[in-house]
Amino acid sequence: MMQQYFKRFICFILIGVITLNSNLIALANETVHIDSNQITASYVSELSEMEFSDIENLSADEVNIYFEKAFLISADYYSIEDKISALKAVSTFQKFRTFARASSTTSSLSSYTGNKGVAWVRDTGNSPLTLAEALSGTYTLEVDYLTYKYAITLYAAGSDYNFFTSLKNAATTAVASTLICNKLGISNMTIPSAVISAVVSLGWDIVNSLDRSNMKTVIDKMSYSNMMQVSFMTANNYLTKVYSLYSPTAKYNSSSDNFTYKNLKNPCSGKYGNWYANHIGYLYSY
């Protein structure tokens, strides 16, 4: 009899412990707070080799394993769809991975003088992908600031194949410059050879794929001292180019027929990046 009472007592104790643990776990899951902007992705070599189709074909267990390797948090807090989207973002982001550089900065570029423009490129070592960016699949790795002369040359070159060929085969810079100005109805402007050669070197396939409609919307608003801002934005894990007008403080240099632009803004506030003068399309082709 005593043995039966003892067994019942032990069962009640075990039931109580199990119930208490279950309640504590449920409470923890309800009250846990994760700041996804403060969690950053670790490097996972396997993901760098995967395409989107590879990630989509992973088993649920494999998705959880890679997610936890990347973010060092429990995969149980997220849906399978969110985790797959996050892994796609990590995979793409890592393909452009750079090591942290002492020279990178969160500051603006104090000045640039020239006819091409500059590229701001995110330092993925000092500013790695955040969980918030990964879950949304939205982030920016490069933003270019194009001068007026570079922007119109790029736009004109994509007009049609015959015009591109004529520009490519122009005997002199003066002839090529005249072709561009006549095409766009612009007078009294000389396009430098460095700008023309840089655009022509991109090749017809690239300039033909430009979003000329959105480029024209910006060009129509530009003055000679303005710049065209081109943001290479990844949204929902697919790359898109966003064109907008940028109007920095600019001073005309008559001796060299160009402008000095002051305090070009860091396009991703708080993110570390490096500035590259006269290097348009540092990570991406136009």
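The values are calculated or read from the model by the stated rules, or taken from the named source; none is laboratory data. Since this is a predicted model, take the numbers as computed values, not measurements. Cβ sites come from the backbone with ideal geometry, for glycine too, and all protein chains shown count toward neighbours. Ligands, DNA and RNA are excluded from the accessible area calculation, which covers all protein heavy atoms including side chains. Shrake-Rupley method; radii C 1.70, N 1.55, O 1.52, S 1.80 Å.
Observations on the structure shown:
- Per residue, the average separation of C-alpha pairs within less than 8 Å and at least 6 apart gives the chain a relative contact order of 24 percent.
- Charge dipole of segment 56-169 about the Cα centre (unit charges at C-beta), most positive-ward option of LEU146, PHE96, PHE67: LEU146
- Gyration tensor verdict on segment 190-251 (Cα atoms; rounded if a/c is under 1.5, prolate if a/b is larger than b/c, oblate otherwise): oblate
- By definition, a body whose alpha carbon gyration tensor gives a ≥ b ≥ c is oblate when a/c is 1.5 or more and a/b is not larger than b/c, and segment 138-277 fits this oblate description.
- Estimated [θ] at 222 nm from DSSP helical runs (n ≥ 4, -39500 (n - 2.57)) normalised by residues in the chain, nearest 500: -12500 deg cm²/dmol
- Within the same chain, aspartates and glutamates fewer than 8 places from LYS251 are excluded, and of the rest, those with a Cα less than 20 Å from its Cα are ASP144.
- Net charge of neighbours whose Cβ lies under 13 Å from the Cβ of ALA157, counting Lys and Arg as +1 and Asp and Glu as -1: +2
- Interchain or long-range residues, amide H under 5 Å from GLY117's placed H: THR147, ASN278
- Degrees between helix 80-94 axis and first principal axis of the chain (Cα, 0 to 90, nearest 10): 40 degrees
- Values [x] 39, 24, 18; [y] 56, 19, 14; [z] 36, 24, 16 are given for comparison; semi-axes √(5λ) of the Cα gyration tensor in Å, derived from the coordinates here, is the one labelled [y].
- Segment 137-211: translational diffusion in µm²/s, Stokes-Einstein, Kirkwood Rh over Cα pairs, 10 °C, 1.306 mPa s: 123 µm²/s
- Here the Karplus relation 6.51 cos²θ - 1.76 cosθ + 1.60, evaluated at θ = phi - 60°, turns the backbone of segment 141-153 into coupling constants of 10, 8, 9, 10, 10, 9, 5, 4, 5, 5, 4, 6, 5 Hz, with x for every Gly and Pro.
- When +1 charges are put on Lys and Arg Cβ atoms and -1 charges on Asp and Glu Cβ atoms, the dipole computed for segment 68-137 relative to its Cα centre reaches about 420 debye.
- On a per residue basis, the chain carries 53 Å² of accessible surface, using protein heavy atoms and a 1.4 Å probe.
- With an a/c value of 1.5 or above and a/b larger than b/c for the gyration tensor axes a ≥ b ≥ c computed over the alpha-carbon atoms, segment 221-266 is described as prolate.
- Using the Cβ of ALA194 as centre and a radius below 11 Å, the other residues enclosed give a net charge of +2, where K and R count +1 and D and E count -1.
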